[in-house]
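What follows is a set of notes on a single structure, which appears directly below.
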Amino acid sequence: MKPMPAALERSAVVIFPDAPWCDSAFKPLLIQLANKHPLHWVTNQPKHALQGAPASVTALALHELAQVDWGQTSAMVLHPCWAAAALPLCPRQLGAWMAITNEEDGLTAKWRAALAGEASFVLSLSEPYYLDLSFRRDGVFVLDGADETSDWFALQAVLWAAEGTTPSSLARLQQQRREAAYRERLMASADATLTFYRSVYLYLLGDAAQAERELLAAYELAVLGGEEHALARIYRFRSAIQVAQGNVAAAALTYEASALTDNERAQAGELRRLIENGDAALAAAMLLRLNDDHRQAIERLERLCGTGADAAHGDADTVQHGDRSRALAAKREFAERMLLDSLLQAGRMREAYGRISPEDIASVKDRCEFAMLQGIVLLMDGDRRGAITALLRAAELQHEAIGSLTEILQLDTVVQKLAASGQTSTGGST
């Protein structure tokens, strides 16, 4: 192989594509990026994959990836199934670009979650998915054409990352612009959905008081408009806002008022018991999780689990030392379980794996799940042999886990297809 060009060592960007250049869901953004930086397109079939691409876009074969100076090179991953190939390389900045289709299969969805959790930043073409991710992690951007200024922030995030600068600080600026855009649209006419979206942006920006006012206005408009699921879809979110305001007891009552199923009513009962026992911090984290705000839940649970004794306060003066120790241990275990699940929900596989002590795992089911998680993490770290060993161990514990082994082969097949033609049948352009 010829030596890598000097431009690659400076500010070139490696693209792990979702499709050939002409068919990429991100072509407009790629054109803007190619105007600023040389792009190296991962493909074994450059004649087909790069047809119509500008001269600043050149091919990089799969076998050449190991020769890139990744400490000085950023990468943009446009398809989730590249995750196991791209993450072990540890690029200077790794951007996960997301364009979801209705045909997405389980393999793609699984690795989308892992990639979104581990990437330096995430860019989505869909506002609902963007907001979902914003409740799971920082450094999320959206490029949906709804607002020119908002799209400018997304472009700047990509350009910053291409230069090796973490773009996370731009995310709040984009959220501020999108909240302002909703406010401007609502000046023309009231609308339940737009008002609710504005409430969500205000919540993300930390303006809980105004977020609550907008939320209640959205709920009123939805009820007046005959919205069948307004209580669960809109009003329940008030409980997350009330947690942000520090009013956990009121938040629990709000959630209870919106509980419609047996499971939701059981969750409301658990919240009530926690608050009665003086465990408002645990109740707050649980409420955030029930509102899918895993990002904030993780922050709170990490503080609780960090010191152990901080996970509980209510019974310190009312029980004997032995009972108190057992109560504290039970509450710590509950907080750890919630934290572990929220880390997994956020796609932060490595962090979740690092919190587990294998010697404390008792059940066969839990040992199997740990082995499967270990396999995923080792694969993300580039240890393919270790990953296969871990997944074999999982299959020995529970035969159903054999599917995780076949997923490695499926992943290999998808990567080879992406490198061969830039196309895959595992869910279209994602």
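The values are calculated or read from the model by the stated rules, or taken from the named source; none is laboratory data. Keep in mind that this is a model prediction, so the values were computed, not measured. A quick note on method: Cβ atoms are made from the backbone with ideal geometry, for glycine too, and the neighbour counts reach across all protein chains shown. Quick note on the areas: whole protein, heavy atoms, side chains included, nothing else; ligands and nucleic acids left out. Shrake-Rupley method; radii C 1.70, N 1.55, O 1.52, S 1.80 Å.
Between the alpha-carbon centres of segment 277-292 and segment 114-161 there is a gap of 28 Å.
Partners of residue 27 within straight-line reach, counting lysines whose Cα lies under 25 Å from its Cα and excluding those fewer than 8 residues away in the same chain: 36, 47, 110, 417. Taken over the Cα atoms of the chain, the convex hull encloses 157 Å³ per residue.
Identify, among 327, 142, 67, the residue whose Cα sits farthest towards the positive end of the charge dipole of the chain, taking +1 on the Cβ of Lys and Arg and -1 on the Cβ of Asp and Glu, with the dipole about the Cα centre. Ranked along the dipole, the leading option is 67. About its Cα centre, how strong a charge dipole does the chain have in debye, to the nearest 20, once Lys and Arg get +1 and Asp and Glu get -1 at the Cβ? It comes to approximately 760 debye.
Distance from the alpha carbon centroid of segment 184-233 to that of segment 24-101 works out to 39 angstrom.
Whole-Hz Karplus values for segment 279-286 come out as 9, 5, 5, 5, 4, 4, 5, 5 Hz, taken residue by residue from phi with 6.51 cos²θ - 1.76 cosθ + 1.60 and θ = phi - 60°; glycine and proline positions read x.
In plain terms, the chain is cut at each of the GluC sites (Glu not before Pro) found in a DSSP loop with at most 13 other Cβ atoms within 10 Å, and the longest leftover piece is 229-430. Length gained on full extension, residue 277 to residue 35: 81.1 nm, using 0.36 nm per residue less the C-alpha separation. The string of couplings for segment 168-175 from the Karplus curve (6.51, -1.76, 1.60, θ = phi - 60°) is 4, 5, 7, 4, 5, 5, 5, 4 Hz, one whole number per residue in order, with x for Gly and Pro. Here the Karplus curve 6.51 cos²θ - 1.76 cosθ + 1.60, taken at θ = phi - 60°, turns the phi angles of segment 120-134 into couplings of 5, 8, 10, 10, 10, 8, 10, 5, x, 5, 4, 5, 4, 5, 5 Hz, with x standing for Gly and Pro. Which Cα, out of 78, 50, 283, lies furthest along the positive dipole direction of the chain (beta carbon charges, K/R +1, D/E -1)? Working it through, the farthest residue towards the positive pole turns out to be 50. Using the Cβ-Cβ distance between residue 210 and residue 27 with R0 = 30 Å, the FRET efficiency computed as 1/(1 + (r/R0)^6) comes to roughly 0.20. Computed with the Debye formula from one identical point scatterer per Cα of segment 79-220, without solvent, the log10 of I(q)/I(0) at q = 0.19 Å⁻¹ comes to -1.10.
Between the Cα long axis of helix 364-380 and the first principal axis of the chain there is an angle of about 40°, rounded to the nearest 10. Helical runs (DSSP H, four residues minimum) scored at -39500 (n - 2.57) apiece and divided by the length of the chain put the mean residue ellipticity at 222 nm at -18000 deg cm²/dmol. Scanning residues 5 or more positions from residue 123 or on other chains, those with amide H under 5 Å from its amide H are 96, 97, 98, 141, with H placed 1.01 Å from N in the peptide plane. Using a probe radius of 1.4 angstrom, the carbon and sulfur fraction of the accessible surface of segment 45-101 is 54%.
Taking the solvent-accessible surface of protein heavy atoms with a 1.4 Å probe, what is the per residue accessible area of the chain in Å²? Spell out each step's value before the answer.
Working: 19170 Å² over 430 residues.
For the chain, the per-residue accessible area is 45 Å².
The C-alpha atoms of the chain define a longest principal axis, and helix 192-204 lies at about 90 degrees to it.
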